[in-house]
Amino acid sequence: MTNVCFAGVTGWTAPPILAAIQASPDLRLVAGVSRSAAGRSLAEATGVDAHGQVHGTVAGALGATAVDVLVDYTSATAVRDNVRAAVDAGVHVVVGSSGLTADDYADLDERARSRGVGVVAAGNFSMMAAVLLRAAAMAAEHIDQWEILDYAGEEKPDVPSGTSRELAETLARVRSPRSAVPVEELHGPVEARGAEVAGTRVHSLRLAGFVVTTEIVFAGSGERLVMRHDPGPTPAPYVDGTLLAIRRVGDVVGLRRGLGSLRFGDPPER
């Protein structure tokens, strides 16, 4: 039995994942983290038939309860400290929050390896998003020009989304894209060309009506290839991937990036 603590227990993503954890014979929800619901029982705060309490901090939850895996679906401002607290306590971590940088991931990998624990971090735990990343990596082996469009709701403050950042970093392991016009040769505001993330130009839109949509446009002479993951308004797509990560993170030492690394293995590098 794997004991799970869920940080962000009152958030938008939580309800279907919590229900799936509790319905799984090999998993058990034993604690939650939420500043707004701290001190309440899990059952009262979430509606899930689970024993245990909601705590105000990850450190408080891990100090009060025996936990095997922390799942973090909080925010860009909270995730860094939450994950570090869990790793330093010798607890495996599944990270579904965005906002971590390449330097953060390098630090987490080093911390996790020194303590013999695993961290699985994905910008998106949707199986279809994992397929998009793998398909894009395959396309980049044959096409040398692309850019990423990153769509999210108007209230999402971090840019780019974790999915788009992970996609750019995945492609960087294949090759660097060929730039149409070097940034230093542009006429006008450089910002209009988007941000450079791991060598790829990424354009972040924040508009009402979006959840987290990721689109990559590959281009060649006389043709284009467009790949797009467009999730709906519920967190249902993230349930199966999160549960897979919870079950597999105990087999990992150090950091693994992306759901695809668990489902398909790491993509080849040039």
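For GLU110 and HIS142, what does the FRET efficiency come to when R0 = 35 Å and r is the distance between their Cβ atoms, rounded to the nearest 0.05?
0.50
Rounded if a/c is under 1.5, else prolate if a/b is larger than b/c, else oblate: which is the range 192-270, with a ≥ b ≥ c the root eigenvalues of its Cα gyration tensor?
Oblate, since a/c reaches 1.5 and b/c is not below a/b.
Give me the distance between the Cα centres of the range 3-40 and the range 187-228, rounded to whole Å.
34 Å
Using a simple charge model, +1 on the beta-carbon of Lys and Arg, -1 on the beta-carbon of Asp and Glu, nothing else, what dipole does the range 90-211 show about its Cα centre, in debye to the nearest 20?
Around 380 debye, computed over the range 90-211.
What is the local net charge at GLN53, summed over the other residues whose Cβ is closer than 13 Å to its Cβ (Lys, Arg +1; Asp, Glu -1)?
In short, 0.
Once you keep just the Cα pairs under 8 angstrom separated by 6 or more residues, what percentage relative contact order results for the chain?
After rounding, I find 21 percent.
Hey, quick one: spin label on ASN3, modelled 7 Å out along Cα-Cβ, who in the range 84-112 has an amide N within reach, i.e. under 18 Å?
What the label zone holds, given the 18 Å backbone N cut-off, is 85-94.
Rounded to the nearest 10 Å², what accessible area does SER36 show when all protein chains are kept and the probe is 1.4 Å?
100 Å²
No solvent, one uniform scatterer per C-alpha: report log10 I(q)/I(0) for the range 7-140 via the Debye equation at q = 0.12, 0.20 1/Å, two decimals.
Per q value, in the given order, log10 I(q)/I(0) is -0.48, -1.21.
Looking only at THR46, THR74, THR234, which one moves most when the chain is put into a Gaussian network model with springs between Cα atoms under 10 Å?
THR234
Per the 1.4 Å probe, what fraction of the accessible area of the chain, in percent, lies on carbon and sulfur atoms?
In the chain, the share of accessible area belonging to carbon and sulfur is 51 percent.
GNM on the chain, C-alpha springs below 10 Å: top fluctuator among LEU133, LEU171, LEU244?
Checking each option, the largest mean-square fluctuation is seen for LEU244.
Can you list which of the DSSP-assigned H helices in the chain have a Cα extent of 18 Å or more along the long axis and an average Kyte-Doolittle score of at least 1.0?
In the chain, the long hydrophobic H runs are 127-140.
What number, in nm² with one decimal, is the all-direction average of the projected area of the convex hull of the alpha-carbon atoms of the range 92-193?
With the hull built on Cα positions only, its mean projection is 8.4 nm².
Suppose every Lys and Arg Cβ carries +1 and every Asp and Glu Cβ carries -1, with no other charges. What dipole size does the chain come out with about its Cα centre, to the nearest 20 debye?
420 debye
Which residue, ILE246, GLY222, VAL181, has the largest displacement toward the positive end of the dipole of the range 114-270 when charges sit on each Cβ (Lys, Arg +1; Asp, Glu -1)?
ILE246
Taking every pair of Cα atoms in the chain, average 1/r, invert it to obtain the Kirkwood radius, and report Rg/Rh to two decimals.
0.99
Can you give me the solvent accessible area of THR77 with a 1.4 Å probe, rounded to the nearest 10 Å²?
Answer for THR77: close to 120 Å² accessible.
Please report the antiparallel percentage of DSSP beta bridges with both residues in the chain, rounded to the nearest 5.
40 percent
Using a probe radius of 1.4 Å on heavy atoms only, what accessible surface per residue do you get for the chain? Whole Å² is fine.
Spelled out: the 1.4 Å probe surface of the chain, per residue, equals 46 Å².
The values are calculated or read from the model by the stated rules, or taken from the named source; none is laboratory data. Keep in mind the model is a prediction, meaning the values are calculated, not measured. Glycine also receives a Cβ, built like all others from the backbone with ideal geometry; neighbour counts cover every protein chain displayed. Side chains included, ligands, DNA and RNA excluded: accessible areas come from the protein's heavy atoms. Shrake-Rupley method; radii C 1.70, N 1.55, O 1.52, S 1.80 Å.
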